[in-house]
Amino acid sequence: MKIVIPGGTGQVGTVLNRALTAAGHEVVVLTRRPDGPGEVHWDGRTPGPWTGAIDGSDVVINLAGRSVSCRYTPANLRAMMDSRVLSTRAVGEAIGAAAHPPRVWLQMSTATVYAHRFDAPHDEDTGVIGGAEPGVPDYWSFSVDIARAWEREQERADTPHTRKVALRSAMVMSPDRGGVFDVLSRLARLGLGGPVAGGAQYVSWIHDHDFVHAVEFLVDREDLTGPVNLAAPEPLPQRAFMRALRAAWRVPVGLPATRWMAEVGAFALRSDTELLLKSRRVVPGRLLEAGFAFAYPEWPEAARDLARRRRTGRRGASGPLRTPAS
Ligand SMILES: NC(=O)c1ccc[n+]([C@@H]2O[C@H](COP(=O)([O-])OP(=O)(O)OC[C@H]3O[C@@H](n4cnc5c(N)ncnc54)[C@H](OP(=O)(O)O)[C@@H]3O)[C@@H](O)[C@H]2O)c1
């Protein structure tokens, strides 16, 4: 198949490109900074020669979006919103105008669209969309607003010959340098991988192999449209999540951090505490119902596999990820 990945130069794109190319597909990445074969220039918002890559393709997987790991300043929030909404609009228009449109458009979304919650998991049918839950900082609703606007843009795109799926993905764990697993592993190995603010908040995650297989599954399954949760079936509290990560790295202790220490750490890392403190208890209702089998349903085994691959440099730990331009 010819598979086009707008925004495919980042962490998730690297995982997908590697696996889909190895499986024999032709992968074309749309990027603002093309840097080699298989990469085509676009600006993420206006039509141009890049639309020719989409016309005649089989699958489009749009990942473009300014990184959410940043301080939530007004300018950064605007960039997070615009980069997602405008790139999704541009992709939708290109598909709508194509003489030979792709048969499926997988659009990245996020598990963050669901409410901060401890008591029960969110699946696609019964899950509660966030933004109005009590007891959380008001500004947490921004990320939900961004996720909803992102999904709405795909829904309203006029692409009658193309099936549309929104990927409500949890954190994709891969052994690549600069990815989420790498960052958390570094903290754990420094002895800083303890519970944050008590550690009761749930962490949703998905192993990179399962993420790739879920994408392939969604490409094949003509009957699946709309939002699909991409998360392992066993989310777990942050305290247990970090304990298993420390065990995978054979680090005996992890210093606990208070909410206040998390604020300081997030400031130092130019990030935001929502990424650490929001309880993301998200499960893959539709994937399981459709018969998808996870190779890594439980975090301790997934963490052991990722740490082993990171240590040995095998399968996906080949080099640093490109730093996305802001
Ligand atoms: N990583 C995860 O675990 C995870 C989980 C759930 C959802 N997501 C979402 O999935 C997408 C991909 O994640 P990722 O971790 O691979 O992100 P990433 O490493 O930050 O890469 C995102 C890509 O988007 C492009 N981009 C950034 N700003 C842009 C802009 N203003 N206009 C157009 N393109 C822009 C960049 O490509 P160029 O610089 O080459 O143009 C970059 O490589 C993101 O939207 C993210 O929010 C990620």
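The values are calculated or read from the model by the stated rules, or taken from the named source; none is laboratory data. The model shown is predicted, which means the values in this text are computed figures rather than measured ones. Note that each Cβ is placed from the backbone with ideal geometry, even for glycine, and that neighbours are counted across all protein chains shown.
Which is within 24 Å of I61 (Cα to Cα) and either surrounded by fewer than 16 Cβ atoms within 10 Å (Cβ to Cβ) or of a type in the set (D, E, K, R) (or both), of A97, A132, A75?
Testing whether each residue is within 24 Å of I61 (Cα to Cα) and either surrounded by fewer than 16 Cβ atoms within 10 Å (Cβ to Cβ) or of a type in the set (D, E, K, R) (or both) leaves just A97.
When only residues in segment 21-53 that are surrounded by 13 or more Cβ atoms within 10 Å (Cβ to Cβ) and among the hydroxyl-bearing types (S, T, Y) count, which is nearest to the ligand (Cβ to nearest atom)?
T31
Quick one: would you say L86 is crowded, with 16+ Cβ neighbours inside 10 Å, part of a helix (DSSP H, G or I) and near the ligand (Cβ under 8 Å from one of its atoms)?
Answer is yes for this residue.
Just to be sure before I move on: is G178 surrounded by fewer than 17 Cβ atoms within 10 Å (Cβ to Cβ) and near the ligand (Cβ under 10 Å from one of its atoms) in the structure I sent?
yes
Name the residue that is farthest from H116 (Cα to Cα), counting only residues in segment 291-312 that are surrounded by fewer than 15 Cβ atoms within 10 Å (Cβ to Cβ) and modelled with pLDDT of 95 or more.
Of the residues in segment 291-312, the ones surrounded by fewer than 15 Cβ atoms within 10 Å (Cβ to Cβ) are 291, 293, 295, 298, 301, 308, 311-312.
Right, trim to modelled with pLDDT of 95 or more and you get 291, 293, 295, 298, 301, 308.
Numbers: G291: 28, A293: 27, A295: 27, E298: 21, E301: 26, R308: 32 Å.
Selected residue: R308.
For residues that are touching a Pro at 6+ places or on another chain (Cβ under 8 Å) and more than 8 Å from the ligand (Cβ to nearest atom), tally how many sit in segment 1-20.
So the answer is 1.
Answer with yes or no whether T112 is part of a helix (DSSP H, G or I), at pLDDT 95 or above and under 28 Å from E234 (Cα atoms).
So T112 fits the description; yes.
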